[in-house]
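Peer 1: So that we are looking at the same thing, I have put the structure below in structure tokens.
Read the figures in this text as sums done on the coordinates, not as results from a lab. Being a predicted model, the structure only gives us computed values, none of them experimental. So basically every Cβ, Gly included, is an ideal-geometry build from the backbone, and we count neighbours across all protein chains shown.
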């Protein structure tokens with residue numbers, strides 16, 4: 001930090017500059033191609049406030065790699081990149097030159113992955129994993145306890161690799177029913193601690209300087225994704241899997257990302273046969289900003305454990321603004337939205353069957369359901 005930067009801190013100019021830079025993030029919500037309906041516009045600006053909260057957590061409150069703590073960079077009221085409603089996410093700042101110990105218990109998660117990464121949505125580096133381990137690869141002690149060493153040099157036993165450039169950890173815990181199943185409680189400690197956990201004025205300006213680029217970078221990246229998905233609206237083709245990895249995706253997950261758009265009296269019917277071997281799968285609806293729709297109050301996602309299969313083993317999901325009836329038990333609500341993102345994930349699958357979609361009049365679908373009951 002230069003003497004000029006320190007003077008900016010002392011005079012308060014640092015804060016004025018931060019507030020001024022924050023204004024620029026609004027351009028992402030008003031950019032060409034973004035929907036202009038009132039709900040999407042309101043959610044867009046709310047999205048920026050949510051990203052601001054997350055960015056402050058990431059860059060100020062939990063940014064010390066020598067006094068690491070797990071926190072959540074995506075949750076019920078702050079969301080990034082088609083966040084999975086079945087997931088409990090945890091993040092942690094690390095320094096790839098140090099070593100760490102993670103301890104925990106297996107809990108009740110259907111799937112657990114722990115990854116080291118370098119870079120962020122602000123554009124610093126590729127976010128593909130620099131190390132990846134799943135619960136099934138860990139040696140567990142009595143009662144499901146485990147210890148995992150994290151370092152750039154190989155270790156005996158449970159080891160999560162990283163590189164000297166690694167600067168964060170991402171944990172995904174995936175549940176059958178997140179409201180009822182017990183989370184894995186993780187703890188982390190740095191084995192090479194340095195200094196004290198005290199705010200450093202010399203570092204503070206740099207930390208503040210990273211807050212807004214994270215907001216603009218995150219909003220800009222996924223807005224660009226949605227513009228690309230507009231080439232296959234209401235279809236659900238496979239993603240470019242490497243693109244997903246570069247944006248922080250899990251290498252054990254196969255992604256189908258797309259864009260849905262419906263008139264009020266239309267329904268989107270999605271049909272697929274689940275992979276023969278697959279730890280779990282789920283499908284979700286999101287808004288244009290790739291935030292999952294509010295799963296606290298609306299049924300907007302479905303997974304392998306909750307889906308009802310057709311007699312031939314297929315999954316039929318109906319996306320519509322109102323319930324088409326008991327003949328379609330896998331109905332998901334658009335929760336008042338006209339358009340948004342959608343995502344189908346296969347976790348640890350060995351095959352990737354095609355996904356078929358069609359848009360139909362909601363009344364005709366309801367009539368079809370009534371005919372089935374008769």
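Peer 1: For the residues 190, 19, 92, what sequence is obtained by ranking on other C-beta atoms within 10 Å, fewest first? Each step should come with its number before you reach the end.
Peer 2: On the way: 190 18, 19 10, 92 22.
If I rank by nearby Cβ atoms, fewest first, I get 19, 190, 92.
Peer 1: To continue, here is another question. Counting DSSP beta bridges in the chain, what percent are antiparallel, to the nearest 5?
Peer 2: The answer is about 90 percent antiparallel.
Peer 1: Take the Cα atoms of region 122-186, build their convex hull, and give its volume per residue in Å³.
Peer 2: In region 122-186, the Cα hull volume divided by residue count equals 122 Å³.
Peer 1: I'd like the distance separating the alpha-carbon centroids of region 164-222 and region 115-149, in whole Å.
Peer 2: 13
Peer 1: Also, quick follow-up: With an 8 Å cut-off on Cα pairs and a minimum separation of 6 or more residues, tell me the relative contact order of region 219-373 in percent.
Peer 2: 34
Peer 1: Counting pairs of alpha carbon atoms under 8 Å apart in space and at least six apart in sequence, what relative contact order in percent does the chain give?
Peer 2: Dividing the mean separation by the residue count of the chain yields 18 percent.
Peer 1: Based only on other Cβ atoms within 10 Å, what is the fewest-to-most ordering of 183, 58?
Peer 2: Neighbour counts put them in this order, fewest first: 183, 58.
Peer 1: Still on this structure: Multiplying the sequence separation of residue 30 and residue 204 by 0.36 nm and subtracting their Cα-Cα distance, what value in nm do you get?
Peer 2: On the way: separation 174, 0.36 × 174 = 62.64 nm, distance 3.07 nm.
Residue separation times 0.36 nm, minus the Cα-Cα distance, leaves 59.6 nm.
Peer 1: Can you sort 43, 181 from fewest to most other Cβ atoms within 10 Å of each residue's own Cβ?
Peer 2: With the fewest neighbours first, 43, 181 line up as 181, 43.
Peer 1: Please state the shape class of region 290-365: rounded when a/c is under 1.5, otherwise prolate if a/b exceeds b/c and oblate if not, all from the C-alpha gyration tensor.
Peer 2: oblate
Peer 1: Here's something else I'd like to know. Would you work out if region 3-214 is rounded, prolate or oblate? Take a ≥ b ≥ c from the square roots of the eigenvalues of the alpha-carbon gyration tensor; rounded if a/c is under 1.5, else prolate when a/b is larger than b/c, oblate otherwise.
Peer 2: Since a/c reaches 1.5 but b/c is at least a/b, the shape of region 3-214 is classed as oblate.
Peer 1: Further question on the same structure: Using only Cα atoms, find the angle between the long axis of helix 38-56 and the longest principal axis of the chain, and express it within 0 to 90 degrees, rounded to the nearest 10.
Peer 2: Value to nearest ten degrees: 30.
Peer 1: Take every Cα pair under 8 Å in region 3-214 that's 6+ residues apart, average their separations, divide by the length, and report that relative contact order as a whole percent.
Peer 2: 27
Peer 1: Out of 281, 159, 15, any idea which swings most in a Gaussian network model of the chain, alpha carbons joined below 10 Å?
Peer 2: 15
Peer 1: With both bridge residues required to lie in region 219-373, what share of the DSSP beta bridges run antiparallel, to the nearest 5%? Don't skip to the answer; put the middle values down first.
Peer 2: Values: 33 of 36 bridges.
Here the antiparallel bridges make up roughly 90 percent for region 219-373.
Peer 1: Follow-up. Roughly what angle does helix 211-229 make with the longest principal axis of the chain, taking Cα atoms, 0 to 90 degrees, to the nearest 10?
Peer 2: Taking Cα atoms only, the helix is inclined about 30 degrees.
Peer 1: Over region 225-342, how many percent of alpha carbon pairs lie in each 5 Å bin up to the one with the longest distance?
Peer 2: Spelled out per bin, shortest first, that is 2, 11, 20, 24, 21, 14, 6, 1, 0.
Peer 1: With a ≥ b ≥ c taken as the square roots of the eigenvalues of the C-alpha gyration tensor of the chain, please select rounded if a/c is under 1.5 and otherwise prolate if a/b is larger than b/c or oblate if it is not?
Peer 2: Working: a/c = 2.46, a/b = 1.39, b/c = 1.78.
Since a/c reaches 1.5 but b/c is at least a/b, the shape of the chain is classed as oblate.
Peer 1: How far, in degrees from 0 to 90, does helix 13-23 lean away from the longest principal axis of the Cα atoms of the chain, to the nearest 10?
Peer 2: Computed tilt is about 10 degrees.
Peer 1: Sticking with this structure for a sec: What value, in deg cm²/dmol to 500, does the helix sum -39500 (n - 2.57) over DSSP H runs of n ≥ 4 give at 222 nm once divided by the residues of the chain?
Peer 2: Values: 8 runs with 89 residues, N = 374.
So the calculated ellipticity at 222 nm is -7000 deg cm²/dmol.
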